[in-house]
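Working notes for the structure below.
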Amino acid sequence: MYWNANIECMAVDDLKKLQYRSFKNLINNLYSFNKFYHDRMKGAGVHPDDLRSLADVQKLPFMYKEDLRENYPTKLFNVPNTEIVRFHASSGTSGKPTVVGYTQNDLAYWTEALARSLTSIGIGSNDILQVSYGYGLFTGGLGLHYGAEKVGASVVPTSNGNTERQLELMQDLGVTAIACTPSYLMHMSYTAEKMGIDFRRDTCLKKAVLGAEPWTESMRAKIESAMGIKAYDIYGTSEQAGPMFSECEERNGIHIGADIMYVEIVDSDTGEILEDGERGEMVVTMLKKEALPLVRFRIKDITSLMKDECPCGRTSPRISRITGRADDMLIIRGINVFPSQIEYTLMRIPQIGDQYMIEVSREGALDNMKIQVEIKPEFFSDKVEDMVKLRAHIESELKKYLNLAVPVELKAPGALPRFEGKAKRVIDKRVM
Ligand code: DLL
């Protein structure tokens, strides 16, 4: 089932022509009417006439999150205030927050992208979707809300928090799908167990639309087997609009609406464009945005453009699972580690529950890492020798996969903090 087969299944050459036309219009407009982009292009010695093909996009300079911060809150908006109908803002956990504005058309394209995504997951008018992403300045709640209404699903707008009430409503209303962060779903699963709720027996839940934070295939396996549902990856950032693009039923890469966003993958250090299949930092140009245009914006998320065609019939480009952010990488005694590699290893160990925490500290010139993991109730024991054995096993698995000796601390079930929004898995105690 497609939401917009004309675009989603368009011949690849036609899609590229469409992208080039939108791109050309965008750049002509920005060069003529937007001081920021005009000055940037002049500074780089590029005129719109130099852009003769899609590949010429790479002549344009990159744009960074700092550009948004420096122009806080609305200096980069490209429309008069009267055309802005909504604001969202990032939480500002990694610096000053950024504000995003939307025109009516921006909201319409955002909702269109989500309608395509939800349809590709098989969510439609027969579904009752509980939206447990936060509502408010965060884009998750309202984004999914309007996308789900567009496809005719019945929305239960619970937002996050008050988990016991959420579980009751889920049962009472016969909720079939949920949208939230993977960490919040795991928290729900944990709370349900404590309340004696069995998802398979006591709910109609079949699907989960999970994103807003990195998660791994082993986390997917854990969620699916614990709850008897299918979990789908959804991606987006507030600068792009919010959650937008997701996996289809094939669950092998995230389909990007090619008419909405043009993706390049570059080497984080050199900025050079990488081949399809190579992992690097995602750079996006939003082809339709009016209020806050983005041209060659460096998102910092690490992914690759996939080479193969998707059996679902959609011709749109696909990106592989986001494995982290370029600025998330930890260098421990010279070895590069992404938190997602740690999660992947931990979640495959059956005795480990769904919570872990990575602590990084510095001793002299050396960075150290320690990992705390929660053990599932059925494997947690008072017998010291059992726990010592289990800890040694986890440490040896980490050594095998990461090539790094990391001390592990075992925690009782429920001992580590839970998250209602985005999980914070790394505590960085280094003084920079
Ligand atoms: O997290 C938008 C969103 C809401 C996406 C709901 C999906 C679902 P921001 O708060 O601006 O926007 O954070 C964007 O979150 O750059 C990634 O680092 C991370 N992220 C989002 N989705 C995924 C995902 C929303 N599926 C930042 N996998 C991005 C990995 C993700 N990381």
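Where a number appears in this text, it was derived from the coordinates with a stated rule and is not lab data. Note that this is a predicted model, so its numbers are computed, not measured. For neighbour counting, all protein chains shown are included, and Cβ atoms are generated from backbone atoms with ideal geometry for every residue, glycine included.
Stretching the chain fully between residue 49 and residue 382 yields a gain of 112.6 nm (0.36 nm per residue, less the alpha carbon separation). Residues 352, 273 in ascending order of nearby Cβ atoms (within 10 Å, fewest first): 273, 352.
In what sequence, highest mean first, do 364-374, 337-347 appear when ranked by Cβ atoms within 10 angstrom? Working shown, then result.
Working: 364-374: 15.5, 337-347: 21.1.
In descending order of packing, they fall as 337-347, 364-374.
Panel order for 297, 33, by other beta carbons found within 10 Å of each beta carbon, from fewest to most: 33, 297. In terms of packing, defined here as the mean over residues of other Cβ atoms within 10 angstrom, the peptides 239-251, 9-21 line up highest first as 239-251, 9-21.
For the chain, the 222 nm mean residue ellipticity estimated from helices alone, with every DSSP H stretch of n ≥ 4 adding -39500 (n - 2.57) and the total spread over all residues, rounds to -10000 deg cm²/dmol. Taking every Cα-Cα distance in the stretch 316-416 and sorting them into 5 Å bins starting at zero, the pair-distance distribution P(r) comes out as 2, 12, 22, 23, 17, 12, 7, 4, 1, 1, 0 percent. Within the chain, the percentage of alpha carbon pairs spaced more than 42 angstrom apart rounds to 16%. Size estimate for the stretch 27-122 follows the Kirkwood approach: the inverse of mean 1/r over distinct Cα pairs works out to 15.8 Å.
Considering only DSSP beta bridges where both residues belong to the chain, give the percentage that are antiparallel (nearest 5). Numbers along the way, then the final one.
Numbers: 37 of 60 bridges.
Antiparallel bridges: around 60 percent, rounded to the nearest 5.
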